[in-house]
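Contents: one structure, followed by commentary.
The values are calculated or read from the model by the stated rules, or taken from the named source; none is laboratory data. On a predicted model such as this, the values are computed, not experimentally measured, just so you know. Here the Cβ positions follow ideal geometry from the backbone for every residue, glycine too, while neighbour counts run over all protein chains shown. Just the protein is used for accessible areas: all its heavy atoms, side chains included, with ligands, DNA and RNA removed. Shrake-Rupley method; radii C 1.70, N 1.55, O 1.52, S 1.80 Å.
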Amino acid sequence: MEKQYKIAVIGLGYVGLPLARLFATQYPVVGFDINQKRIEELNTGVDSTLEVENEVLKEILKKENPFDQTAETGLYCSADIKDIQDANIYIVTVPTPVDKHNRPDLTPLYKSSETVAKVLSKGDIVIYESTVYPGATEEECIPVLEKVSGMKFNQDFFAGYSPERINPGDKEHTVEKILKVTSGSTPEIGKVVDSLYKSVIVAGTHLAPTIKIAEAAKVIENSQRDINIAFVNELAKIFNLLEIDTHAVLEAAGTKWNFLPFKPGLVGGHCIGVDPYYLAQKAQENGYHPEIILAGRRLNDSMGQYVASQLVKTMIKKKLNINGARVLNLGITFKENCPDVRNTKAVDVIQGLEDYALQVTTYDPWASAAEVEHEYGLSIVNEIPQEKYDGIILTVAHEQFKGLNLKNYLKEDGVIFDVKGILEECDSRL
């Protein structure tokens, strides 16, 4: 029965493409995305997110829709809705961002649900992987599927939820090597969904009792990390006041077997910096104001400005003239060794430094200059300028930065600030 599955993956970003590639090793898969440029890029065998190696992508790609062919496996990428109409498994992997007020924005989920509903057939299963608050799949997405398709949920079509666990830039913990939580809209469908994922996830699966439980499990994973990082960020602020090396403290405390090894830093990206707001929103709708979750978010969201102020203080202590001083910022992606700039808090550092009238040059060999300009209105360079700066700040721990002799780019009385704690020599660090 498994070989009869025809899978359509909706959204070919950091989550969707690796998943589509993996399923395509066992099943015929059509990857759908509304971004025509993204489809054209993928059909040349190039993945700009760097999550799937180009050679691997080229090997699995099909020039024709595998649903129409006798081929049992392979991936076909398309922006044409007609190419997914013969699927019987639809997996939605679109982003779930927040708006400028940190309120959940479900627009991508609504739009993708409408797309799926237009081609939904009797007996099909729609599986959501996008991170949401508990209840969103059945309360927000299913009504869209029913309204547009004209079919009845759990009678004509079914649903599942299997939260994504992609870690961008991580070549060790790839999608098939991370245990997958699964769930279904009925106990029987739960087993089907679990069996489907189990057929490609070598790390195994965990079948949750309900969709809501699977949704809740995902959203607390990132909320837990957010709170723990907020704790060590607060420690960093305290220890800086006490003139104590935070990283040395954490190293000493880490000698106890059950001490959690979190480090201070900037918390951005599309998961840890966003997901807690989804849980907080749902809690508030039900009459509970979450204190710890939102306190952690406030503290972590404030770190960009704090880092900027710490660099300025370090420069002042060296009697450097701040107004018009030139600073080299290393990194703008939300994490190391990854081109993803979504919700990056390095931007907060840059803006904070510019508020002090510093002239900031940002060097990042991973990020797309065009994407940064489009998203944030900032200019970056992909090659390090051969100039001297009053200050250098490392905000992202790209592998390329570890081998740099930063003093070659620093004026004699300049300052080096290490946000990530990876440099052997620096004037100050978080």
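Structure summary
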quantity	calculated
For the chain: Kirkwood Rh in Å [reciprocal of mean 1/r, alpha carbons]	23.2
Kyte-Doolittle mean at least -1.0, axial Cα span of 30 Å or more - DSSP H helices of the chain	211-241
Gyration tensor over alpha-carbon atoms, the range 1-151, equivalent ellipsoid semi-axes in Å	25, 19, 12
Loop-located trypsin sites (Lys or Arg not before Pro) in the range 118-147 whose Cβ has at most 15 other Cβ within 10 Å (DSSP)	LYS122
Stretch gain in nm, segment LYS411-LYS82, where the contour uses 0.36 nm per residue and the Cα spacing is subtracted	112.4 nm
Within the accessible area of the chain (1.4 Å probe), percent carbon and sulfur	50
Share, in percent, of DSSP beta bridges within the chain that are antiparallel, nearest 5	5
Two-site FRET efficiency, GLU41 against GLU114, from Cβ-Cβ distance with R₀ of 22 Å, rounded to 0.05	0.35
Per residue solvent-accessible surface (Å²) - the chain, probe of 1.4 Å	46
Restricting the range 26-91 to trypsin sites (Lys or Arg not before Pro) in coil, as DSSP defines it, with at most 12 other Cβ within 10 Å	LYS63
Whole-Å distance, taken between Cα centres, linking the range 41-116 and the range 189-239	23
Computed Rg/Rh of the range 41-93, alpha carbon atoms with Kirkwood Rh	0.97
In the range 130-173, the GluC sites (Glu not before Pro) that fall in loop regions by DSSP, at most 16 other Cβ within 10 Å	GLU172
Kirkwood Rh, Cα atoms: Rg over Rh of the range 69-201	0.96
Estimated D of the range 277-344 in µm² per second, where Rh is the Kirkwood radius over Cα pairs and Stokes-Einstein applies at 10 °C, 1.306 mPa s	104
